[in-house]
1. State whether one or more residues within region 120-128 are among the small types (Gly, Ala, Ser) and free of Cβ contacts under 8 Å to residues at least 12 places away in the same chain.
2. Of the residues that make up region 191-213, is at least one farther than 30 Å from residue 306 by Cα, under 21 Å from the mean Cα position of the chain (by Cα) and hydrophobic (A, V, I, L, M, F, W, C)?
3. How many of the residues in region 29-56 are in contact (Cβ under 8 Å) with a residue 12 or more places away in the chain, surrounded by fewer than 21 Cβ atoms within 10 Å (Cβ to Cβ) and outside any helix (DSSP H, G or I)?
4. With 315, 268 as the choices, which residue is over 29 Å from residue 115 (Cβ atoms), outside any loop (DSSP other than H, G, I, E, B), among the β-branched types (Val, Ile, Thr) and out of contact with any Ser or Thr (no Cβ under 6 Å at 6 or more places or on another chain)?
5. List the number of the failed condition for residue 64; all other conditions in (1) farther than 27 Å from residue 175 by Cβ; (2) at pLDDT below 95; (3) surrounded by fewer than 20 Cβ atoms within 10 Å (Cβ to Cβ) hold.
6. If you check residue 58 against the conditions, is it at pLDDT 95 or above and touching a strand residue (DSSP E or B) at 6+ places or on another chain (Cβ under 7 Å)?
7. Determine whether region 266-287 contains at least one residue that is more than 18 Å from residue 220 (Cα to Cα) and of a type in the set (A, V, I, L, M, F, W, C).
Amino acid sequence: MRLCVYGAGAIGGLLGARLARKGDVDVTFIARGPHLAAMQAEGVTLVSEGERFTVRPRCVATAEEAGPQDYVLVTLKAHSLPEAAPRMQPLLGPETAIVSAVNGIPWWYFYKLAGPYEDRRVESVDPGGRLWESLHPSRAIGCIVYPAAEVTAPGVIEHTYGDRFVLGEPDGSRSERAGALSAALAAAGFKAPIRPRIRDEMWVKLWGNLAFNPLSALTGATLDVITGEGELRAVCREMMVEAQAVAERLGVRFAIDVDKRIAGAAEVGAHKTSMLQDLERGRPMEIDALLGVVVELAEMVELPAPTCRTVLALVRGRARTAGCYQGPG
């Protein structure tokens with residue numbers, strides 16, 4: 001099995017390092033800058049569960065150097081994918097699968113989704129449908145990421161918690177390619193179940209991110225404060241209720257209720273969301289894939305979502321002022 005990690009940061013590094021250590025997967029990392037230079041010179045070091053080890057997979061700067069793959073694991077931020085897609089083409093053979101381990105609603109969301117919106121493009125994450133054309137959804141395998149990891153130094157990844165990567169085909173089938181990937185991940189020490197309704201799992205994760213992330217960026221508050229009893233929790237809950245109505249209009253089934261989802265996030269404690277971290281570091285913020293898309297889908301299914309719409313306008317304004325957002329609005 002030839003597997004390329006495209007955007008080999010924290011999560012990609014965690015996955016790739018463990019797969020490379022197992023030895024029966026030919027792993028290639030595509031990265032850039034000091035992180036790439038360190039991996040090329042010293043290997044990839046993973047600190048996980050009290051263990052530290054180093055592997056030496058092939059680490060390159062371009063898709064041309066990597067060549068065609070069986071699987072391309074995409075761990076970029078969602079807003080980076082449209083720009084990266086043309087550069088990914090040399091990785092794609094006739095049967096190459098693209099494993100989209102990207103937060104939020106993916107470009108392939110409506111592919112093979114029976115109903116009135118089948119094959120609809122999602123403008124918030126796929127402007128002009130360019131991803132649909134260059135990374136056709138027939139290649140996509142969904143992947144919901146639950147672990148947390150961080151690049152603590154160039155070439156060094158620290159894994160802090162979690163070992164589950166949920167997989168799913170857009171059409172809900174248990175395909176041979178998804179099965180082979182699941183088996184490889186399991187052999188590397190991960191839990192990688194294949195779900196027939198991957199979009200349900202996608203929304204449960206997004207459900208929190210669409211509220212926790214922008215509210216954290218707007219207030220500077222950590223997750224324990226946002227999910228605590230009070231005004232912020234009330235705003236958070238209202239956003240999630242609005243989003244649930246949108247998702248259910250699209251056929252999604254929620255296995256837990258909104259208060260249980262908030263309680264689960266509260267258990268994480270005083271955690272800075274990724275959006276707040278990006279704001280503090282002056283990096284582009286993942287606004288549209290987490291919240292802009294919810295407002296777009298609300299309009300599509302003719303639901304108002306006023307709280308989500310208001311918070312979206314506010315967080316876009318905050319991010320634009322900080323130089324961390326150049327999208328619509």
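The values are calculated or read from the model by the stated rules, or taken from the named source; none is laboratory data. Here the structure is a predicted model, which is why all the values come from computation and not from measurement. A quick note on method: Cβ atoms are made from the backbone with ideal geometry, for glycine too, and the neighbour counts reach across all protein chains shown.
1. Step one: filter region 120-128 for residues among the small types (Gly, Ala, Ser), giving 124, 128.
After this cut, where a residue has to be free of Cβ contacts under 8 Å to residues at least 12 places away in the same chain as well, the list is 128.
Yes, region 120-128 has at least one match.
2. yes
3. So the count comes out to 10.
4. Working: 268 fails: outside any loop (DSSP other than H, G, I, E, B).
Result of the check over 315, 268: 315.
5. Unmet condition: (2).
6. yes
7. no
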